[in-house]
1. How far, in nm, would the chain grow between THR71 and ASN22 when pulled straight, counting 0.36 nm per residue and subtracting the alpha carbon separation?
2. Using the basic label-point model (7 angstrom from Cα toward the beta carbon), what is the GLN37 to ARG154 distance in nanometres?
3. How much of the accessible area of segment 52-167, in percent, comes from carbon and sulfur atoms when a 1.4 Å probe is used?
4. Can you spot the aspartates and glutamates whose alpha carbon is less than 13 Å from LYS47's alpha carbon? Ignore those fewer than 8 places along the same chain.
5. How high is the relative contact order of segment 71-180, in percent, counting Cα pairs under 8 Å that sit 6 or more residues apart?
6. For helix 60-81, what angle does its Cα long axis make with the longest principal axis of the chain, in degrees from 0 to 90 and rounded to 10?
7. With viscosity set to 0.890 mPa s and temperature to 25 °C, compute the Stokes-Einstein D of the chain, Rh being the Kirkwood radius across alpha carbon pairs; µm²/s, no decimals.
8. Work out the length of the dipole vector of the chain about its Cα centre, built from +1 on the beta-carbon of each Lys and Arg and -1 on the beta-carbon of each Asp and Glu, and round it to the nearest 20 debye.
Amino acid sequence: MSRIGNRPVVLPAGVEVTVDANNVVTVKGPKGQLQEQVSNLINVEVKENEVVFTRTADSREYRSQHGLARTLVNNMVEGVTNGYSKKLILIGVGYRAEKKGNTLVMNLGFSHPVEMVDPEGITTEVLDATTVVVNGIDKAAVGNYAANIREWRRPEPYKGKGIKYDNEVIRRKEGKAGAK
């Protein structure tokens with residue numbers, strides 16, 4: 001019994017969902033349009049102002065796909081209505097970011113600046129020299145691009161330098177016993 005899969009996805013005003021014969025779900029809303037292929041093991045139906053998911057069998061594979069399908073469609077509906085954002089903070093002496101057109105330029109202690117071009121559907125904002133916000137309607141794409149930015153300098157446990165998520169807690173370690 002999938003508790004998540006049994007709950008229908010309620011559609012807010014201004015959101016339209018269509019399902020074709022190959023189980024491709026298309027969600028249109030005020031912020032844009034998203035499309036996702038849902039497993040053929042799950043039946044997707046649009047009834048009035050909600051999307052209902054049912055499975056045809058009760059094996060382990062069907063149960064695992066049931067909750068996944070519902071979550072994917074719910075994330076698409078949330079994305080086209082509100083959008084998603086991830087906030088990154090640069091910590092370190094001389095670490096800073098700036099925006100040039102659709103390119104994010106970061107100084108991270110390398111001999112050269114790191115330049116990253118925003119992918120399609122994703123925008124980055126630099127609130128101040130050490131704060132970057134990644135925005136978009138696709139939850140997976142926003143999280144992936146934020147992780148790619150963070151990968152340039154992951155936070156280290158001794159001084160805490162690096163790029164961290166806004167809500168991330170860095171577990172600090174004590175240095176050598178004899179070091180001052």
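The values are calculated or read from the model by the stated rules, or taken from the named source; none is laboratory data. Just so it is clear, the model here is predicted, and its values are computed rather than measured. Every residue, glycine as well, gets a Cβ built from its backbone with ideal geometry; the counts of neighbours run over all protein chains shown. In case anyone asks, the SASA skips ligands and DNA or RNA and just uses the protein heavy atoms, side chains included. Shrake-Rupley method; radii C 1.70, N 1.55, O 1.52, S 1.80 Å.
1. Working: separation 49, 0.36 × 49 = 17.64 nm, distance 1.86 nm.
Between THR71 and ASN22, full extension yields 15.8 nm more.
2. 3.1
3. Working: 2960 of 6220 Å².
Carbon-and-sulfur percentage of accessible area, whole number: 48.
4. Partners found: GLU16.
5. Relative contact order for segment 71-180 comes out at 29 percent.
6. 70
7. Working: Rh = 18.9 Å.
Estimated via Stokes-Einstein, D reaches 130 µm²/s.
8. On the way: 26 positive and 21 negative charges, 242 e Å.
The calculation lands at about 1160 debye.
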